[in-house]
Amino acid sequence: MTTDPCGCDAPGRAALTKVQALERLLARVEPVGETETVAIADGLGRILAEPVISAIDVPAWDNSAMDGYAIRHADLASADGRLRVAQRIPAGFAGTALEPGTAARIFTGAPVPEGCDTVVIQEVCEAAEDWVRVPLDSKPGANIRRIGEDIRAGSEVVAAGTRLAPQHLGLAASVGAARIHVRRRLRVAVFSSGDELVMPGDPLGPGQIYNSNRFMLFGLLQRLGCETIDLGIVEDTLDATEQALRRGAAQADLIVGSGGVSVGEEDHIKTALERVGTLELWTIAIRPGKPLAFGRIGTTPFIGNPGNPVSLFVTFCLFGIPVIRRLQGIAGDLRPPTLQVRAGFDWPRPDKRREFHRARLRTAEDGSPELLVFPSRSSAVLSSVAWADGLVEIPEGRVIQKGDLVDFIPFEGLLG
């Protein structure tokens, strides 16, 4: 069998594997170039466009790591450990040079005075009003944080391409960065295909269902930090599908659709995409989610997901999220993070396609984590996604017995 350059269905053509499909998708998109400068308080979840470089050493001076007494270690032997307390140095203040035979009462974060080479914690000292007895076996050099021990001036503290988490904002603030240069938010246009779809709150007619996919997609995109453009529900006609694709291309950096990607008479995505743009990928050898349309209208990429809600969720997690992260400019490995976990289930009848089944973590009797799987394999049972903590990846043809190690893709790792 041969492989179609676009992964499209045709006699004698093989569907792409998960790895092949993801490699092709990521090779066909580039990060959005526009950037903006924002206050660091507004940086959470944004993608850093330029690295944060420290202008200062952190710490900026030698300082005390503990509440205690700053001393010159050589003074201990001659004074039998008994030293006069000559000054008090709280955090935010600088003391004077340490006189021979004296100690300074010092607090965490305060600069150590000139001449000090050791800080002794207060718990092991015997203190009176104006003197302190320090153990003779105190370790020289203890409890002092040295200048630049954490960060050196001129060093990179947060790399470009980082999606900013709270710890990154704290780190940038620690070197005085008040504003940061980030990529602008990705604009994603979303539509749902299907005459059977009705918005929640409206009455259902014969054969109609509520449009759950719209809200699932919008939630996923918002969790990923995207700006969303609602193209609404698109009727099952070729003309309406073409118009939706053109509208999305005029407004967005990426178009995401649900439904209409199969090969039925009412599925128009493939034909519409070939008319107004190019089709670059069509089928993937996975379950659920075999049909996945990828192409572009002009320079705007399009991802068409299956209409079944579980299939949509799985294909978006496996392929849509990495594509969005590439468009956002996130650096590093964009493949979904995978953990190895022990199976708490048997899988005696494998599929000929690689399967991504809904799974939940639990603690086994021996205290180790293990996975349970949802009892239904149907791609229409949306409750399975809400029940699950992630997806267990089951290779084609593999029989699994309880206790085997399996690959688990946690939802939190995908969306974090």
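The values are calculated or read from the model by the stated rules, or taken from the named source; none is laboratory data. Computed from a predicted structure; not experimentally measured. When we count neighbours, we look across all protein chains shown, and the Cβ atoms used for this are built from the backbone with ideal geometry, even at glycine.
Key figures for this structure:
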read-out: GLY277 being farther than 18 Å from PRO306 by Cα, without any contact (Cβ under 8 Å) to a residue 40 or more places away in the chain and surrounded by 21 or more Cβ atoms within 10 Å (Cβ to Cβ); value: yes
read-out: Those residues of the range 250-265 which are under 12 Å from VAL190 (Cα atoms) and in contact with a helix residue (DSSP H, G or I) (Cβ under 8 Å, 6 or more places away or on another chain), in sequence order; value: ASP253, LEU254, ILE255, VAL256, GLY257, SER258, GLY259
read-out: Residue match in the range 294-313 (condition: in contact with a Leu (Cβ under 8 Å, 6 or more places away or on another chain), closer than 15 Å to ALA21 by Cβ, at pLDDT 95 or above and not assigned by TED's automatic domain parsing to the domain that holds VAL234); value: no
read-out: In the range 76-90, residue farthest from PRO111 (Cα to Cα) [restricted to those that are charged (D, E, K, R) and over 53 Å from the mean Cα position of the chain (by Cα)]; value: ASP80
read-out: Test: residue in the range 202-213 that is part of a helix (DSSP H, G or I) and either outside the structural domain of SER379 (by TED's automatic domain parsing) or under 17 Å from GLY248 (Cβ atoms) (or both); value: yes
read-out: Pick from the range 163-197, criterion polar (S, T, N, Q) and surrounded by 20 or more Cβ atoms within 10 Å (Cβ to Cβ), ranking: nearest to LEU48 (Cα to Cα); value: SER192
read-out: Where a residue in the range 405-416 is at pLDDT 95 or above and its partner, wherever it lies, is surrounded by fewer than 19 Cβ atoms within 10 Å (Cβ to Cβ) and among the polar types (S, T, N, Q), with Cβ under 9 Å and at least six apart; value: LEU405/GLN340; VAL406/GLN340; ASP407/THR338; ASP407/GLN340; PHE408/THR338; PHE408/GLN340; ILE409/THR338; PRO410/THR338
read-out: Qualifying positions in the range 100-126 - part of a loop (DSSP other than H, G, I, E, B), at pLDDT 95 or above and out of contact with any Asp or Glu (no Cβ under 6 Å at 6 or more places or on another chain); value: GLY109, ALA110, PRO113, GLU114, GLY115, CYS116, ASP117, CYS125
read-out: Wholly within the range 297-416, helices (runs of 4 or more DSSP H) carrying at least 2 residues that are buried (at least 20 other Cβ atoms within 10 Å of the Cβ); value: 309-315, 321-328
